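The values are calculated or read from the model by the stated rules, or taken from the named source; none is laboratory data. Treat the numbers as computed from the prediction; the structure is a model and nothing was measured. Heads up, the Cβs are rebuilt from the backbone with ideal geometry, glycines too, and the neighbour counts pull from every protein chain shown.
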Amino acid sequence: MDQLLEASSDPLWVSVVFIGALVLCHWLLIHKYPLTLKQWKLVEYMWVALALVSIFGIVQEARFYRSKITVEQSRTEALGKSMALENWLDVYSEYACDDNKGNPEYLPLCRWLKVKSSDLQLVLANEGFPADISANFLIGIEGNFVGLNEADKAVVTGLHTDYRTARQKYLTAVGASRRSSFSVLIVALAPMVFAVAVAIKFTKVSGEYLLTKP
């Protein structure tokens, strides 16, 4: 399969296939077994069918390329959201645990933040990318913490939701970027098949011209 892919991506080999198919089709369909005008009309279906096969291969390649782009974009997005979530916990931990260390009213928030920071580090360290930060990761945030208002809660909740969305998008794109053996074969054959289709079309034009010329 690798050799076929290498050949189909080489303009020289595609040109060789085109010229070889052109010569062979001219010899067979014009000189060896000359066709009638009616038969040449049927040849139209042949080259169109081959062209459709090559178009399907091009579509498969375009879908694969789009999936690869989506993988990179969603990976970057997910990494950015996980870092933003981590930074949010670090900043608020410093605010609640260090800046307000002597204030007992901030102790519940400090404890909650430390637990969440530890949980996040554990998940990221053990699972790697894309870590499954659970849907209930921020459980407890609904409590009335001194130093954490509703706007702050909305920010961190949004970061958590955005990460999970980007993670799922990444996993979906990775799955879509995996090619089946059939898909790889179609993509590998597409340039060669199209070259043969064009050769048949050229032969058809030549054959009809010879039959209709004065």
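Out of (1) in contact (Cβ under 8 Å) with a residue 40 or more places away in the chain; (2) loosely packed, with under 15 Cβ neighbours inside 10 Å, the odd one out for TRP40 is which? Condition not satisfied by TRP40: (2). Screening region 160-200 for residues that are under 30 Å from GLU86 (Cα atoms) and hydrophobic (A, V, I, L, M, F, W, C) and picking the one that is surrounded by the most Cβ atoms within 10 Å (Cβ to Cβ) gives ALA166.
Considered as a group, the residues in region 5-37 that are under 43 Å from the mean Cα position of the chain (by Cα) and charged (D, E, K, R) include one that is farthest from ILE186 (Cα to Cα), and that residue is ASP10. Filter region 105-152 down to the residues that are free of Cβ contacts under 8 Å to residues at least 24 places away in the same chain, outside any loop (DSSP other than H, G, I, E, B) and either in contact with a Leu (Cβ under 8 Å, 6 or more places away or on another chain) or among the charged types (D, E, K, R) (or both) and list them by number. Within region 105-152, ARG111, LYS114, ASP119, GLU127, GLU150 meet the criteria. Every condition in (1) of a type outside the set (S, T, N, Q); (2) modelled with pLDDT of 85 or more; (3) assigned to a helix (DSSP H, G or I); (4) surrounded by 14 or more Cβ atoms within 10 Å (Cβ to Cβ) is met by ILE69 except one, and the failing one is (4). Restricted to region 78-111, and to residues there that are more than 20 Å from ASN144 (Cβ to Cβ) and surrounded by 15 or more Cβ atoms within 10 Å (Cβ to Cβ), the residue that is nearest to the chain's Cα centre (by Cα) is ALA78. Limited to region 43-66, what total is found for residues that are closer than 13 Å to ILE200 by Cβ, exposed (fewer than 14 other Cβ atoms within 10 Å of the Cβ) and hydroxyl-bearing (Ser, Thr, Tyr)? Summing the residues that are closer than 13 Å to ILE200 by Cβ, exposed (fewer than 14 other Cβ atoms within 10 Å of the Cβ) and hydroxyl-bearing (Ser, Thr, Tyr) in region 43-66 gives 1.
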